[in-house]
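A quick write-up on the structure given underneath.
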Amino acid sequence: MERLSKWKPHAAGRRRGFTLVELMTVITIIGLLLAILLPVLNRVRESARDTQCKSNLRQLGQGLIQYSTSSSTGQYCTGAWDWKRDGAVSQVGWVADLVNHGILPGDLLCPSSQFQMSRVYHELLTMDAASNTCADSLGGKDQLMPDGTVVPNPCRQLAGMSDKGTYLQEHMLLKGFNTNYATSWFLVRTEVDIDNRGVLVNKNGGCATNQRERSCTVGPLTTSRVGGGRVPANIVPILGCGGIAEGEANMLKETIGDHLSGSFLADSYSSGPRDKTTLGVPAITGTAVGARAWYGPWNATLQDYRAFGPVHGGRRKGTCNLAFLDGSVKVFTDENGDGLLNNGFPASTATGYADDVVELLATEVHSMWSLDPTRIPQ
């Protein structure tokens, strides 16, 4: 017993802790593994988001094509989703058209984009609809359903409301009235409305005179114009990943649900044909009429596609997905990393392009002022 009481465990049987050198080695190995794996995981996540973006664009594009087959006029939509220029966005514009036909663009966003709301929400929060002289921003009256319930027209209800954010969350955002895709000018405006000298015709004196205004164009694209055009459908863009909105409309002024005040907003649609030098409406000089007057100035323009943004793949050589009139979706790369896709504009501070490298080739994306540049203005 005495011998047993003096027994002690052998030193070799004792548990040892890790030395500092061993801990540092393990931490270094883990850091190296993370440095290797994280970029791979990020690329996998972005690839999944990019795939989802393409799928969403196809669904929205197909929805617009289906809308054209059910429309008595053959229109692909009722116009741009633009409260100031086109009217009440709960009733007019391609987003409202799809929502009212059971497709919710707000559930089909580009997941890669940091812009998760449209600039339309800036207008809904800040614009005085009652004083708008360009379009009916209030829209129709509330709708009485057969069971006696009333479905409110959100645009009309907003007038004079103080807590607009809460109301918009419940009656617009949660019902699918949202997008972070920009439409092309061709989809929502089709053609400029010009006289036989090439000067823009403004059909509404309450609107500005420029190519983005509905009042200065023939309106939304129709199936008859596609069929009679000289441009193949597979190069006519209709939707794409939206870049940041222009000017003060690029930021949310009030929190709406999970979207915080100060969040950046996506642009709504491209601006149409612009003079390559002035970025404005072509200057028509002299008194000549016919092709001699308008052909030169208008054919010196390019479509302004800066509303589309390369939101996939990071800041350097990011990519943008565009949906076309034939139902296809194609990928375009921002080769110089300036955050824009250049289709032929010169490099300048005004355009924002870092150089004149063409990233949207004319053979892949139609950039002329018309779908039928040879047409004769009325």
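The set of residues in the range 136-172 being among the polar types (S, T, N, Q) and either crowded, with 18+ Cβ neighbours inside 10 Å or in contact with a helix residue (DSSP H, G or I) (Cβ under 8 Å, 6 or more places away or on another chain) (or both) consists of SER137, ASN153, GLN157.
Of everything in the range 146-203 that is assigned to a helix (DSSP H, G or I) and among the hydroxyl-bearing types (Ser, Thr, Tyr), the residue that is farthest from TRP83 (Cα to Cα) is THR166.
When SER370 is tested against (1) more than 25 Å from GLU246 (Cβ to Cβ); (2) touching a helix residue (DSSP H, G or I) at 6+ places or on another chain (Cβ under 9 Å), exactly one condition is not met: (1). I'm trying to understand the selection: among the residues of the range 213-248, which are aliphatic (A, V, I, L, M) and farther than 17 Å from ASP304 by Cα? VAL218, LEU221, VAL226, VAL231, ALA233, listed by residue number. When the range 39-87 is filtered for residues that are among the aliphatic types (A, V, I, L, M) and either surrounded by fewer than 14 Cβ atoms within 10 Å (Cβ to Cβ) or more than 19 Å from THR217 (Cα to Cα) (or both), the ones remaining, listed by number, are VAL40, LEU41, VAL44, ALA48, LEU57, LEU60, LEU64, ILE65. Here ALA88 meets each of (1) under 17 Å from the mean Cα position of the chain (by Cα); (2) under 25 Å from LEU124 (Cα atoms) with one exception, condition (1).
Among the residues of the range 215-227, is there at least one that is touching a Pro at 6+ places or on another chain (Cβ under 6 Å), at pLDDT 90 or above, part of a helix (DSSP H, G or I) and surrounded by 14 or more Cβ atoms within 10 Å (Cβ to Cβ)? No, because not a single residue in the range 215-227 is touching a Pro at 6+ places or on another chain (Cβ under 6 Å), at pLDDT 90 or above, part of a helix (DSSP H, G or I) and surrounded by 14 or more Cβ atoms within 10 Å (Cβ to Cβ).
If you check LYS330, LYS317, which single one turns out to be modelled with pLDDT of 95 or more and either more than 26 Å from LEU64 (Cβ to Cβ) or within 20 Å of the chain's Cα centre (by Cα) (or both)?
On the way: LYS317 fails: modelled with pLDDT of 95 or more.
Checking each option against the conditions leaves just LYS330.
Scan the range 273-292 and give yes if some residue there is under 20 Å from the mean Cα position of the chain (by Cα) and either surrounded by 14 or more Cβ atoms within 10 Å (Cβ to Cβ) or modelled with pLDDT under 95 (or both), otherwise no.
Looking only at the range 273-292, we keep the residues that are under 20 Å from the mean Cα position of the chain (by Cα), and these are 273-274.
With the extra rule that they be either surrounded by 14 or more Cβ atoms within 10 Å (Cβ to Cβ) or modelled with pLDDT under 95 (or both), the set shrinks to 273-274.
The answer is yes, given that some residue of the range 273-292 is under 20 Å from the mean Cα position of the chain (by Cα) and either surrounded by 14 or more Cβ atoms within 10 Å (Cβ to Cβ) or modelled with pLDDT under 95 (or both).
Among the residues of the range 197-208, some residue qualifies, meaning at least one is under 28 Å from ILE284 (Cα atoms), touching a Phe, Trp or Tyr at 6+ places or on another chain (Cβ under 6 Å) and surrounded by 16 or more Cβ atoms within 10 Å (Cβ to Cβ). Of all positions in the range 120-135, at least one carries a residue that is part of a loop (DSSP other than H, G, I, E, B), crowded, with 20+ Cβ neighbours inside 10 Å and out of contact with any His (no Cβ under 8 Å at 6 or more places or on another chain). Within the range 94-107, is there a residue that is over 11 Å from PHE177 (Cα atoms), assigned to a loop (DSSP other than H, G, I, E, B), small (Gly, Ala, Ser) and touching an Asp or Glu at 6+ places or on another chain (Cβ under 8 Å)? Within the range 94-107 (the criterion being over 11 Å from PHE177 (Cα atoms), assigned to a loop (DSSP other than H, G, I, E, B), small (Gly, Ala, Ser) and touching an Asp or Glu at 6+ places or on another chain (Cβ under 8 Å)), the answer is no, since none of the residues qualifies. All of (1) assigned to a loop (DSSP other than H, G, I, E, B); (2) under 22 Å from MET172 (Cα atoms) hold for GLN211 with one exception: (2). Of the conditions (1) touching a residue at least 12 places away in the same chain (Cβ under 8 Å); (2) polar (S, T, N, Q); (3) more than 19 Å from PRO220 (Cβ to Cβ), GLN143 satisfies every one except a single condition; which number is it? (1) is the only condition that GLN143 fails.
Just to be sure before I move on: is SER71 in contact with a helix residue (DSSP H, G or I) (Cβ under 9 Å, 6 or more places away or on another chain), among the small types (Gly, Ala, Ser) and free of Cβ contacts under 8 Å to residues at least 40 places away in the same chain in the structure I sent? First the steps, then the outcome.
Values: in contact with a helix residue (DSSP H, G or I) (Cβ under 9 Å, 6 or more places away or on another chain): yes; among the small types (Gly, Ala, Ser): yes; free of Cβ contacts under 8 Å to residues at least 40 places away in the same chain: yes.
Considered against the rule, which asks whether it is in contact with a helix residue (DSSP H, G or I) (Cβ under 9 Å, 6 or more places away or on another chain), among the small types (Gly, Ala, Ser) and free of Cβ contacts under 8 Å to residues at least 40 places away in the same chain, SER71 comes out as yes.
The values are calculated or read from the model by the stated rules, or taken from the named source; none is laboratory data. Nothing here was measured: the structure is a model prediction, and the numbers come from that model. As a convention, Cβ positions derive from the backbone with ideal geometry for all residues, glycine included, and neighbour counts pool all protein chains shown.
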